[in-house]
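The values are calculated or read from the model by the stated rules, or taken from the named source; none is laboratory data. Worth saying up front: this structure is predicted, and the values here are computed from it rather than measured. Cβ placement follows ideal geometry from the backbone for every residue including glycine, while neighbour counts extend to all protein chains displayed. Calculation scope for accessible area: heavy atoms of the full protein, side chains included, ligands and nucleic acids excluded. Shrake-Rupley method; radii C 1.70, N 1.55, O 1.52, S 1.80 Å.
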Amino acid sequence: PESPLQRPSVLLAIIARNAAHTLSHYLGCIDRLDYPKDRIALWAATDHNIDNTTEVLREWLKNVQQFYHYVEWRPLDHPKFYADEIGPKHWSSSRFSHMMKLRQMALKMAREKWADYILFVDTDNFLTNEQTLNMMVAENLTVVAPMLDSSSLYSNFWCGMTPQGYYKRTPDYVPIREWKRLGCFPVPMVHSTFLIDLRKEATKSLAFFPPHPDYTWAFDDIIAFAFSTKMAGIQMHVCNREHYGSLPVPLKAEQTLEEDVESFVHILLERMIDDPPMEPTVHVSLPPKNPDKMGFDEIFMINLKRRKDRRDRMLRTLYELDIDVKIADAVDGKSLNTSHLKALHIEMLPGYHDPYSGRILTRGEIGCFLSHYNIWKEVVDQGLKKVLVLEDDNRFRPHFRRKIAKLMEDIEQNQLDWDLIYIGRKRMQVQQPEKSVLGIMNLVEADYSYWTLAYIISQQGATKLLAAEPFGKMLPVDEFLPIMYNKHPEENYKMFYEPRDLKAFSVEPLLIYPTHYTGEAGYISDTETSVIWDNDDIATDWSDQLSGKTNEQGEIGTEAQNTEALQPQAPFGAATRDEL
């Protein structure tokens with residue numbers, strides 16, 4: 001019998017600039033593409049770098065060249081900048097021109113080497129689906145892009161284009177971007193990651209540079225190429241049949257390389273919410289991590305020993321954030337029995353009922369309270385001035401480290417007297433705005449709130465919470481805290497606690513959210529799924545409808561938003577790549 005055909009040959013074009021921070025993970029995704037390496041040629045170019053992109057890419061190419069059909073390497077050490085750029089994230093005219101020339105050189109090489117396809121993948125695009133190249137080839141389309149996910153509506157395609165070649169909003173975009181319509185769709189623009197079938201006759205006239213003689217639109221490589229495909233009679237397509245990978249939301253021209261690094265780290269963190277970590281290539285050496293405590297005396301992460309999955313994800317998350325953390329073993333409500341509770345003199349606060357389900361206190365809630373209580377006790381016993389407390393189901397906002405550092409710096413400069421600062425919470429009082437803090441942006445006086453996802457506590461604050469002697473009148477910890485800062489709506493609960501002088505604040509907007517909410521895939525509650533506090537035989541496996549406490553924060557009306565605490569927003573920059 002005849003042997004099967006070899007896979008089509010592909011030239012992979014890698015164009016890198018100031019990408020040292022993304023390259024190890026980007027190249028790891030390339031390594032893992034399930035496609036015969038000997039059917040792939042590599043064309044790699046890098047220039048205008050102020051980091052060690054050249055060294056990283058050179059090391060990888062040297063270590064993998066034996067696996068690939070062919071490697072072309074085009075590094076340029078000088079200059080480090082474009083003369084007309086305001087910073088490394090600025091797309092100036094000369095940068096666009098150079099990018100168009102580089103893409104054209106890669107296209108020319110693919111044609112000269114008789115490649116069947118050319119694949120462009122920007123170095124901040126991460127093809128986490130190992131079948132992406134196979135699936136794009138199987139679509140049998142001339143120019144096709146795998147739709148990439150981001151933390152916003154932004155992606156690597158447009159559904160509409162103005163007569164001047166700029167982005168145009170259309171009703172088609174969101175249903176495709178949110179996977180509500182599945183398939184491969186004709187679109188006027190794909191960019192960043194796309195595959196060109198060079199076997200198709202019409203591709204002979206495709207070009208990135210020089211632009212088509214009739215081209216009068218903006219001097220931009222992706223727009224010029226879209227015009228070229230249009231003039232060649234080629235329809236671009238984007239496919240969203242699967243989840244193929246991700247890309248960052250573009251930064252503004254004035255933003256820095258440090259902000260780009262933070263944006264990339266956020267991609268790594270978001271990936272771990274529901275999927276395994278994105279691993280770096282094994283073919284480059286990685287710089288050592290230098291984790292620290294961000295100026296806190298300690299950072300605690302509360303975790304149940306039986307929740308290894310959460311512990312592993314959080315430890316990897318904090319590793320990527322360069323945060324040094326101490327694991328605080330949570331008290332497992334499932335292991336508590338009546339004897340334990342009697343030994344600790346724990347009694348439920350008289351009259352307490354869950355406001356959603358009507359049930360009384362659960363063993364899981366007692367375990368949660370004790371977990372936090374043990375940290376407050378350690379703060380006082382060890383003389384710790386300020387600590388950050390994290391639970392193990394947290395999702396971090398972009399630029400977390402920088403925003404925490406700025407907050408603590410502003411608090412120090414303004415000599416704010418504080419006991420507790422929520423970093424993540426569920427705001428319960430949503431009828432009116434919370435009071436902003438004079439002289440400190442992004443901070444408000446906390447009103448009635450739920451959840452203990454993440455908070456900063458001072459030694460003074462921990463001392464007040466311990467002095468309240470809550471064991472004999474216990475209720476859930478996220479009900480106890482608002483009582484202690486005198487914002488709980490239930491007067492019958494507050495009467496058991498005097499004084500109620502905890503000085504509590506909250507960041508605005510929040511910097512930490514839960515990874516999952518009630519009813520979502522992956523949601524687990526160790527406080528709701530338990531038994532009631534004083535009877536081992538009465539289970540509390542409440543339905544999603546009754547577990548209202550863990551529902552996502554509802555939309556807060558305009559009249560109740562904490563707008564006074566927010567930074568004034570910079571004018572929106574209308575760059576073509578930043579539309580969504």
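Listed as lacking a disulfide-compatible partner in the chain: CYS29, CYS159, CYS368, by the criterion of no other cysteine Cβ under 4.7 Å. Net charge in the neighbourhood of ALA13 (other residues with Cβ under 13 Å of its Cβ; Lys, Arg +1, Asp, Glu -1) is +3. Among the protein heavy atoms of the chain, carbon and sulfur supply 52% of the accessible surface, probe 1.4 Å, non-protein parts ignored. The packing ranking, built from the mean of other Cβ atoms within 10 Å per residue, places the peptides 115-124, 244-253, 1-10 in the order 115-124, 244-253, 1-10, highest first. Only Cα pairs under 8 Å and 6+ residues apart enter the sum, and on that basis the relative contact order of the chain stands at 13 percent. Computed from backbone phi, the HN-Hα couplings of segment 341-351 come to 5, 5, 4, 8, 6, 8, 9, 6, 4, x, x Hz, rounded to whole numbers (Karplus: 6.51 cos²θ - 1.76 cosθ + 1.60, θ = phi - 60°; Gly and Pro given as x). Put simply, the amide H of VAL238, placed in the peptide plane, has neighbours under 5 Å in ALA145, PHE185, VAL187, leaving out anything fewer than 5 places away on its chain.
With a Förster radius of 22 Å applied to the beta-carbon distance between GLU409 and GLU564, the computed FRET efficiency rounds to 0.60.
When the P(r) of the chain is calculated, the portion above 35 Å amounts to 47% of the C-alpha pairs.
Amide H contacts of GLU72: LEU42, TRP43, ALA44, each under 5 Å away and 5 or more positions distant or on a separate chain (H built 1.01 Å from N in the peptide plane; Pro and chain starts excluded).
Classification of segment 144-298 by its C-alpha gyration tensor yields a prolate form. The axis ratio a/c (a ≥ b ≥ c) is 1.5 or more, and a/b outweighs b/c. Rounded to the nearest Hz, the phi-derived 3J(HN,Hα) couplings of segment 328-334 under the Karplus curve 6.51 cos²θ - 1.76 cosθ + 1.60 (θ = phi - 60°) are 9, 5, 6, 7, 7, x, 5, where x marks glycine and proline. One decimal place: the segment GLU347-ASN52 gains 100.1 nm when fully extended, by the rule 0.36 nm per residue minus the C-alpha distance. The gain in end-to-end length when the ASP309 to THR463 segment is fully stretched comes to 52.2 nm, 0.36 nm per residue minus the alpha carbon separation.
The calculated 222 nm mean residue ellipticity attributable to helices in the chain amounts to -8500 deg cm²/dmol, summing -39500 (n - 2.57) over DSSP H runs of n ≥ 4 and dividing by all residues.
Annotation: amide H-H contacts under 5 Å for ASN156 (H modelled 1.01 Å from N, sequence separation of 5 or more, or interchain): LEU148.
Each part reduced to its alpha carbon centroid, segment 342-389 and segment 1-52 end up 53 Å apart.
Only one residue of TYR352, TYR319, THR338 has its Cα farthest out toward the positive end of the dipole of segment 307-355, where Lys and Arg carry +1 and Asp and Glu -1 on Cβ, and that residue is THR338.
A simple spin-label model places the labels of ASN486 and ARG32 5.4 nm from each other, with each point 7 Å out along Cα-to-Cβ. May I ask you to give the solvent-accessible area per residue for segment 326-484, in square angstrom, as obtained with a 1.4 angstrom probe? Each residue of segment 326-484 exposes 39 Å² on average to a 1.4 Å probe. Paramagnetic label reach from GLN431 (point 7 Å along Cα→Cβ; backbone nitrogen cut-off under 20 Å): within segment 349-382, residues 355-356. In this structure, the pairs whose alpha-carbon distance is over 31 Å, taken from LYS252/LYS326; LYS37/LYS252; LYS37/LYS293; LYS342/LYS494, are LYS252/LYS326; LYS37/LYS252; LYS37/LYS293. Classification of segment 133-233 by its C-alpha gyration tensor yields an oblate form. The axis ratio a/c (a ≥ b ≥ c) is 1.5 or more, and b/c is at least a/b. From the square roots a ≥ b ≥ c of the eigenvalues of the alpha-carbon gyration tensor of segment 321-464, which class results: rounded (a/c under 1.5), prolate (a/b over b/c), or oblate? In terms of gyration-tensor shape, prolate.
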